[in-house]
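Trainee: I am attaching a structure below and will ask some questions about it afterwards.
The values are calculated or read from the model by the stated rules, or taken from the named source; none is laboratory data. Since we're looking at a predicted model, the values are computed, not measured. Cβ: placed from backbone, ideal geometry, glycine included. Neighbour counts: every protein chain shown.
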There are 2 protein chains.
Amino acid sequence: MQKNENEILVGKKPIVKYVFAVLTQLTNGEKEIHVKARGKNISRAVDVVEIVRRKHLQNLKVKDIKIGTEERENQGKKVNVSTIDIVLAV
Amino acid sequence: MQKNENEILVGKKPIVKYVFAVLTQLTNGEKEIHVKARGKNISRAVDVVEIVRRKHLQNLKVKDIKIGTEERENQGKKVNVSTIDIVLAV
(Lines give C-alpha, C1' and ligand atoms only; values in the text may rest on other atoms or scores of the structure.)
Protein backbone atom coordinates (compact mmCIF):
# COMPACT_ATOMS: atom_id res chain seq x y z
CA MET A 1 0.00 0.00 0.00
CA GLN A 2 1.82 3.06 -1.25
CA LYS A 3 1.05 6.59 -0.25
CA ASN A 4 0.36 8.85 -3.22
CA GLU A 5 -0.54 12.52 -3.49
CA ASN A 6 -4.28 12.07 -2.98
CA GLU A 7 -3.96 9.44 -0.26
CA ILE A 8 -4.32 9.69 3.47
CA LEU A 9 -2.99 6.79 5.48
CA VAL A 10 -4.78 6.72 8.83
CA GLY A 11 -2.54 5.74 11.75
CA LYS A 12 -2.36 6.41 15.46
CA LYS A 13 -2.50 10.22 15.46
CA PRO A 14 -5.64 11.97 16.75
CA ILE A 15 -8.59 11.48 14.36
CA VAL A 16 -8.96 15.23 13.89
CA LYS A 17 -5.54 15.38 12.15
CA TYR A 18 -6.76 13.04 9.42
CA VAL A 19 -10.07 14.87 9.13
CA PHE A 20 -8.08 18.06 8.62
CA ALA A 21 -5.85 16.34 6.03
CA VAL A 22 -8.92 15.29 4.00
CA LEU A 23 -10.38 18.81 4.13
CA THR A 24 -7.01 20.34 3.16
CA GLN A 25 -6.60 18.10 0.12
CA LEU A 26 -10.15 18.86 -1.04
CA THR A 27 -9.53 22.58 -0.56
CA ASN A 28 -6.38 22.21 -2.68
CA GLY A 29 -8.52 20.98 -5.55
CA GLU A 30 -8.32 17.19 -5.26
CA LYS A 31 -11.50 15.66 -6.69
CA GLU A 32 -10.88 12.19 -5.33
CA ILE A 33 -9.21 11.11 -2.11
CA HIS A 34 -8.25 7.67 -0.85
CA VAL A 35 -8.48 7.19 2.90
CA LYS A 36 -6.48 4.07 3.69
CA ALA A 37 -5.63 2.06 6.79
CA ARG A 38 -4.31 -1.27 7.98
CA GLY A 39 -5.25 -3.57 10.85
CA LYS A 40 -6.80 -1.94 13.90
CA ASN A 41 -6.62 1.48 12.22
CA ILE A 42 -9.35 0.41 9.77
CA SER A 43 -12.01 1.45 12.31
CA ARG A 44 -10.30 4.84 12.62
CA ALA A 45 -10.34 5.35 8.83
CA VAL A 46 -14.13 4.82 8.87
CA ASP A 47 -14.38 7.33 11.76
CA VAL A 48 -12.43 9.91 9.72
CA VAL A 49 -14.71 9.55 6.70
CA GLU A 50 -17.88 9.62 8.80
CA ILE A 51 -16.79 12.76 10.67
CA VAL A 52 -15.92 14.55 7.41
CA ARG A 53 -19.28 13.58 5.92
CA ARG A 54 -21.43 14.44 8.92
CA LYS A 55 -19.72 17.53 10.27
CA HIS A 56 -18.02 19.15 7.31
CA LEU A 57 -19.04 18.07 3.82
CA GLN A 58 -22.50 16.55 3.57
CA ASN A 59 -22.19 16.35 -0.22
CA LEU A 60 -19.01 14.24 -0.12
CA LYS A 61 -19.60 10.85 -1.71
CA VAL A 62 -18.14 7.49 -0.80
CA LYS A 63 -17.38 6.35 -4.33
CA ASP A 64 -15.91 2.97 -3.50
CA ILE A 65 -14.65 0.90 -0.58
CA LYS A 66 -12.12 -1.87 -1.11
CA ILE A 67 -10.84 -4.31 1.46
CA GLY A 68 -7.83 -6.57 1.12
CA THR A 69 -4.93 -8.30 2.80
CA GLU A 70 -1.30 -7.28 2.93
CA GLU A 71 1.59 -9.46 3.97
CA ARG A 72 3.85 -7.63 6.40
CA GLU A 73 6.86 -8.58 8.43
CA ASN A 74 6.66 -8.34 12.19
CA GLN A 75 9.79 -9.25 14.16
CA GLY A 76 10.98 -11.43 11.26
CA LYS A 77 7.64 -13.24 11.04
CA LYS A 78 5.28 -12.85 8.10
CA VAL A 79 1.81 -11.80 9.16
CA ASN A 80 -1.33 -11.01 7.20
CA VAL A 81 -2.90 -7.63 7.85
CA SER A 82 -6.30 -6.50 6.59
CA THR A 83 -6.48 -3.23 4.66
CA ILE A 84 -9.17 -0.76 3.64
CA ASP A 85 -9.25 1.85 0.89
CA ILE A 86 -12.17 4.28 1.03
CA VAL A 87 -12.48 6.44 -2.09
CA LEU A 88 -14.10 9.83 -1.52
CA ALA A 89 -15.26 12.09 -4.33
CA VAL A 90 -16.68 15.60 -4.47
CA MET B 1 -28.43 -1.83 13.11
CA GLN B 2 -30.68 -4.84 13.50
CA LYS B 3 -29.57 -8.43 13.32
CA ASN B 4 -31.47 -10.48 10.74
CA GLU B 5 -31.23 -14.09 9.60
CA ASN B 6 -28.42 -13.57 7.11
CA GLU B 7 -26.46 -11.15 9.28
CA ILE B 8 -23.40 -11.69 11.40
CA LEU B 9 -22.62 -8.98 13.92
CA VAL B 10 -18.91 -9.08 14.71
CA GLY B 11 -18.09 -8.38 18.35
CA LYS B 12 -15.41 -9.31 20.85
CA LYS B 13 -15.43 -13.12 20.46
CA PRO B 14 -12.47 -14.84 18.75
CA ILE B 15 -12.39 -14.09 15.01
CA VAL B 16 -12.62 -17.79 14.17
CA LYS B 17 -16.14 -17.94 15.64
CA TYR B 18 -17.38 -15.35 13.13
CA VAL B 19 -15.53 -17.06 10.27
CA PHE B 20 -17.30 -20.26 11.24
CA ALA B 21 -20.66 -18.44 11.41
CA VAL B 22 -20.20 -17.13 7.84
CA LEU B 23 -19.29 -20.60 6.55
CA THR B 24 -22.23 -22.18 8.38
CA GLN B 25 -24.75 -19.75 6.91
CA LEU B 26 -23.38 -20.30 3.41
CA THR B 27 -23.53 -24.07 3.91
CA ASN B 28 -27.16 -23.63 4.97
CA GLY B 29 -27.94 -22.12 1.59
CA GLU B 30 -27.71 -18.38 2.21
CA LYS B 31 -26.70 -16.63 -1.03
CA GLU B 32 -25.97 -13.31 0.57
CA ILE B 33 -24.55 -12.52 3.99
CA HIS B 34 -24.10 -9.22 5.77
CA VAL B 35 -21.07 -8.99 8.04
CA LYS B 36 -21.64 -6.00 10.29
CA ALA B 37 -19.75 -4.27 13.08
CA ARG B 38 -19.59 -1.07 15.08
CA GLY B 39 -16.71 1.05 16.36
CA LYS B 40 -13.44 -0.76 17.05
CA ASN B 41 -14.95 -4.04 15.86
CA ILE B 42 -15.02 -2.71 12.27
CA SER B 43 -11.40 -3.84 11.79
CA ARG B 44 -12.39 -7.30 13.05
CA ALA B 45 -15.27 -7.53 10.56
CA VAL B 46 -12.78 -6.88 7.73
CA ASP B 47 -10.50 -9.58 9.21
CA VAL B 48 -13.40 -12.08 9.22
CA VAL B 49 -14.22 -11.42 5.56
CA GLU B 50 -10.58 -11.54 4.48
CA ILE B 51 -9.94 -14.83 6.29
CA VAL B 52 -13.06 -16.42 4.74
CA ARG B 53 -11.99 -15.23 1.27
CA ARG B 54 -8.34 -16.21 1.51
CA LYS B 55 -8.50 -19.45 3.45
CA HIS B 56 -11.91 -20.91 2.73
CA LEU B 57 -13.89 -19.55 -0.20
CA GLN B 58 -11.80 -17.91 -2.90
CA ASN B 59 -14.88 -17.42 -5.08
CA LEU B 60 -16.80 -15.45 -2.45
CA LYS B 61 -17.53 -11.94 -3.67
CA VAL B 62 -17.65 -8.71 -1.73
CA LYS B 63 -20.79 -7.33 -3.33
CA ASP B 64 -21.00 -4.09 -1.43
CA ILE B 65 -19.53 -2.27 1.55
CA LYS B 66 -21.46 0.43 3.34
CA ILE B 67 -20.25 2.64 6.14
CA GLY B 68 -22.37 4.82 8.38
CA THR B 69 -22.89 6.33 11.79
CA GLU B 70 -25.18 5.21 14.56
CA GLU B 71 -26.18 7.19 17.60
CA ARG B 72 -25.84 5.14 20.76
CA GLU B 73 -26.22 5.85 24.42
CA ASN B 74 -23.22 5.35 26.67
CA GLN B 75 -23.72 6.02 30.40
CA GLY B 76 -26.60 8.37 29.59
CA LYS B 77 -24.55 10.29 27.02
CA LYS B 78 -25.28 10.20 23.29
CA VAL B 79 -22.25 9.15 21.27
CA ASN B 80 -21.77 8.60 17.54
CA VAL B 81 -20.38 5.23 16.54
CA SER B 82 -19.19 4.31 13.04
CA THR B 83 -20.66 1.19 11.44
CA ILE B 84 -19.79 -1.10 8.55
CA ASP B 85 -21.93 -3.50 6.55
CA ILE B 86 -20.01 -5.85 4.23
CA VAL B 87 -22.26 -7.75 1.83
CA LEU B 88 -20.89 -11.12 0.72
CA ALA B 89 -22.37 -13.12 -2.13
CA VAL B 90 -21.69 -16.58 -3.56
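Trainee: Taking the range B:45-59 only, how many residues are more than 12 Å from A:ILE67 (Cβ to Cβ) and either in contact (Cβ under 8 Å) with a residue 12 or more places away in the chain or in a helix (DSSP H, G or I) (or both)? Let's see the steps before the verdict.
Mentor: Going residue by residue through the range B:45-59, those that are more than 12 Å from A:ILE67 (Cβ to Cβ) are B:55-59.
Subsequent filtering for residues that are either in contact (Cβ under 8 Å) with a residue 12 or more places away in the chain or in a helix (DSSP H, G or I) (or both) retains B:55-57, B:59.
Of the residues in the range B:45-59, 4 are more than 12 Å from A:ILE67 (Cβ to Cβ) and either in contact (Cβ under 8 Å) with a residue 12 or more places away in the chain or in a helix (DSSP H, G or I) (or both).
Trainee: Continuing with the same structure: Just one of B:LYS12, B:LYS66 is free of Cβ contacts under 8 Å to residues at least 40 places away in the same chain, within 14 Å of chain A (Cβ to nearest Cβ) and part of a loop (DSSP other than H, G, I, E, B); which is it?
Mentor: B:LYS12
Trainee: Moving to a separate point now. Tell me yes or no: at least one residue of the range A:55-70 is surrounded by 14 or more Cβ atoms within 10 Å (Cβ to Cβ) and at pLDDT below 95.
Mentor: Yes; the residues of the range A:55-70 include at least one that is surrounded by 14 or more Cβ atoms within 10 Å (Cβ to Cβ) and at pLDDT below 95.
Trainee: Filter the range A:71-82 for residues that are at pLDDT below 95 and either among the aliphatic types (A, V, I, L, M) or touching a Leu at 6+ places or on another chain (Cβ under 6 Å) (or both) and give the result.
Mentor: A:VAL79
Trainee: Shifting gears a bit: So which of A:ILE51, A:ILE15 is surrounded by fewer than 21 Cβ atoms within 10 Å (Cβ to Cβ) and in contact with an Asp or Glu (Cβ under 8 Å, 6 or more places away or on another chain)?
Mentor: Details: A:ILE51 fails: in contact with an Asp or Glu (Cβ under 8 Å, 6 or more places away or on another chain).
The match here is A:ILE15.
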